[in-house]
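**Student:** I have a structure I would like to understand better, so I am pasting it below and will then ask my questions one at a time.
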Amino acid sequence: MTQKILITGANGGFGTLAINTLLAKGHTVVASMRDIDGRNKAIAEELREAGAHVVDIDVTDDHSVNNGVNKAIELAGGLDVLINNAGVGVGGIQELFTIDDMKKIFEINVFGVQRMTRAVLPHFHQQQSGLLLNISSLLGRITIPFYGPYNASKWALEALSENYRTELSSFGIDVAIIEPGGFPTSFVDRLVKPSDNTRDKFYGDFIHAPAQAQEGFEQALANTPEQDPQLVADAIANVINTPAGSRAFRTVVDKLGMGEPIVEYNNHLSQITHAIYENFGTADMLNLKKP
């Protein structure tokens, strides 16, 4: 069944791959990004030539989000799926990130998701169906040094998704999460670094540890060609193509060795969550219903 899909962060990372994959499967796709007539003009034109609609959306701006979502619905003739893909990563020692640094990360990774979700939900409520598909991370399940603010934002995204899942289930609106590991995409070229270097002296030689860790990660990617970003695009398409009510809530995508333990972790959490909800008589909220 073909779907009408809006995706954020279309200009890089997993966005472009996902769009091309979804177009190849016959879906109608609206690709959103910032500055489609400026620095992203070339990629916007490429996506149009591939068959996507393109709209300008800055997920950090309420007005831009509301206008962009309305235009996307108009261009696609409706909306069935929102993919919250826009995100930003970090690299650095957590203490050195200022409050403004943290706000920048959360503005995109958390508040941007909330803006987009609130903008599309009235449409989903009206049609009593829809899918919110949030691109999280394995670092939304565990922490790794030097990704602190990113970890925190993705943990927050997981919580947002958990709550939307239960609060929207009785209205026919589905929620799912993709949890990728680290992949060789343009995402790693745009990492936010801490802006306060006045405390570097406290860390001595350890101040170089984030850069060394990044080098190690890049080497691991180079040694693991099967860690192909197309796997994430395929996972996105598979979740969308799965009938509502049958979708997995979490989908892990990783070939670097982190994936299998996280799948076990997720399965265990699912059992705990179901047991607690049963104790409170609310387990039915974990299952999608068709009004």
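The values are calculated or read from the model by the stated rules, or taken from the named source; none is laboratory data. The structure displayed is predicted, hence computed values, not measured ones. Ideal geometry is used to build each Cβ from the backbone, glycine not excepted, and the neighbour counts take in all protein chains shown.
**Student:** Could you count how many residues in the stretch 123-166 are closer than 23 Å to Asp80 by Cα and either of a type in the set (A, V, I, L, M) or at pLDDT below 95 (or both)?
**Tutor:** The qualifying residues number 7.
**Student:** Here's a follow-up. Given the structure, is Ala86 modelled with pLDDT of 95 or more, surrounded by 23 or more Cβ atoms within 10 Å (Cβ to Cβ), not in a helix (DSSP H, G or I) and not basic (Lys, Arg)?
**Tutor:** Values: modelled with pLDDT of 95 or more: yes; surrounded by 23 or more Cβ atoms within 10 Å (Cβ to Cβ): yes; not in a helix (DSSP H, G or I): yes; not basic (Lys, Arg): yes.
Taking the combined requirement at face value, the residue satisfies it.
**Student:** Based on this model, can you work out whether Arg39 counts as closer than 21 Å to Ala119 by Cβ and of a type in the set (Lys, Arg)?
**Tutor:** No.
**Student:** Looking at the stretch 201-225, I want the residues that are aliphatic (A, V, I, L, M) and have a partner that is exposed (fewer than 11 other Cβ atoms within 10 Å of the Cβ) and assigned to a helix (DSSP H, G or I) with Cβ atoms under 9 Å, at least 6 apart or on another chain. Which pairs are those?
**Tutor:** Ile207/Lys201
**Student:** Picking from Asp205, Asp174, Asp196, which residue would you name as being under 30 Å from Thr282 (Cβ atoms), more than 15 Å from the chain's Cα centre (by Cα) and at pLDDT 95 or above?
**Tutor:** Asp174
**Student:** Please go through the stretch 234-287 and pick out each residue that is part of a loop (DSSP other than H, G, I, E, B), within 21 Å of the chain's Cα centre (by Cα) and hydrophobic (A, V, I, L, M, F, W, C).
**Tutor:** Ala244, Ala248, Phe249, Leu256, Met258
**Student:** Right, something else. Hey, which of the strands (runs of 3 or more DSSP E) in the stretch 1-59, taking only ones fully inside, have at least 1 residues that are surrounded by 15 or more Cβ atoms within 10 Å (Cβ to Cβ) and in contact (Cβ under 8 Å) with a residue 60 or more places away in the chain? Steps first, answer last, please.
**Tutor:** Numbers: elements: 4-7, 28-33, 53-56.
Passing ranges, in order: 4-7.
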